[in-house]
Amino acid sequence: THSAPRTQWRFGSWTPCSATCGKGTRMRYVSCRDEDGSVADESACVTLPRPVAKEECSVTPCGRWKALDWSPCSVTCGQGRATRQVVCVNYSDHVIDQSECDPDYIPET
């Protein structure tokens with residue numbers, strides 16, 4: 001009995017992430033190949049799960065936390081509180097949305 005030619009999906013390596021910070025996408029070349037390794041029609045691989053050719057990638061957050069100065073202590077003796085504002089800034093030191101900074105590393109306020 002002659003079995004159908006064995007085909008398989010092949011894929012290349014991922015491109016670098018499209019973003020240098022924050023979320024971007026990356027792509028890779030996906031093709032259907034026959035048993036000789038030649039490119040085959042995609043319909044020949046239709047029974048096999050197709051590898052993803054595009055996916056989201058995320059690199060370092062775009063912003064960094066910047067803590068402003070502490071306020072004076074709320075009391076003149078004993079235990080009180082000092083507070084400060086923490087903002088998310090980009091590399092030009094402009095305030096940007098907090099979602100651009102890593103929430104796990106926010107300084108104490």
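The values are calculated or read from the model by the stated rules, or taken from the named source; none is laboratory data. The shown structure was predicted, so the numbers you read here are calculated from the model rather than taken from an experiment. All Cβ positions, glycine included, derive from the backbone under ideal geometry; neighbour counts span all protein chains shown. Only protein heavy atoms, including side chains, enter the accessible area calculation; ligands, DNA and RNA are left aside. Shrake-Rupley method; radii C 1.70, N 1.55, O 1.52, S 1.80 Å.
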All other residues with a Cβ under 12 Å from the Cβ of Glu108 taken together, and with Lys, Arg as +1 and Asp, Glu as -1, what is their net charge? +2
For Ser13, what is the net charge nearby, where nearby means another residue's Cβ is under 15 Å from its Cβ and Lys, Arg count +1, Asp, Glu -1? +3
What GluC sites (Glu not before Pro) does segment 21-80 have in DSSP loop regions with at most 15 other beta carbons within 10 Å? Glu35
Looking at segment 43-109, which chymotrypsin sites (Phe, Trp or Tyr not before Pro) are DSSP coil and have at most 16 other C-beta atoms within 10 Å of their C-beta? Trp70, Tyr91
Gain in length, Cys77 to Val39, computed as 0.36 nm per residue apart minus the alpha-carbon separation, to one decimal in nm? 5.8 nm
Scan (i) 15.8, 71; (ii) 21.0, 63; (iii) 26.3, 94 for the value of Rg and Dmax of the Cα atoms in Å calculated from this model and give just the label. (iii)
Under a GNM of the chain (C-alpha, springs under 10 Å), which listed residue has the highest mean-square fluctuation: Cys45, Cys73, Cys88? Cys73
Of Gly22, Gly78, Gly37, the most mobile residue in a GNM of the chain (C-alpha springs, cutoff 10 Å) is Gly78
Relative contact order (percent) for segment 8-59, with alpha-carbon contacts under 8 angstrom and 6 or more residues of separation? 45
For every other residue with a beta carbon closer than 14 angstrom to the beta carbon of Val95, add +1 if it is Lys or Arg and -1 if Asp or Glu, then tell me the sum. -1
Using a basic spin-label model with each label point 7 Å from the Cα along Cα→Cβ, how many nm lie between Trp14 and Val30? 1.4
No partner Cβ under 4.7 angstrom, meaning no disulfide-compatible partner by this rule: which Cys of the chain qualify? Cys73, Cys77
Before anything else, pin down the relative contact order of the chain: Cα pairs under 8 Å, at least 6 apart, normalised by residue count, whole percent. 22
What trypsin sites (Lys or Arg not before Pro) in segment 36-89 are in a loop by DSSP, with at most 11 other Cβ atoms within 10 Å of the Cβ? Arg81
Within the accessible area of segment 8-59 (1.4 Å probe), percent carbon and sulfur: 53
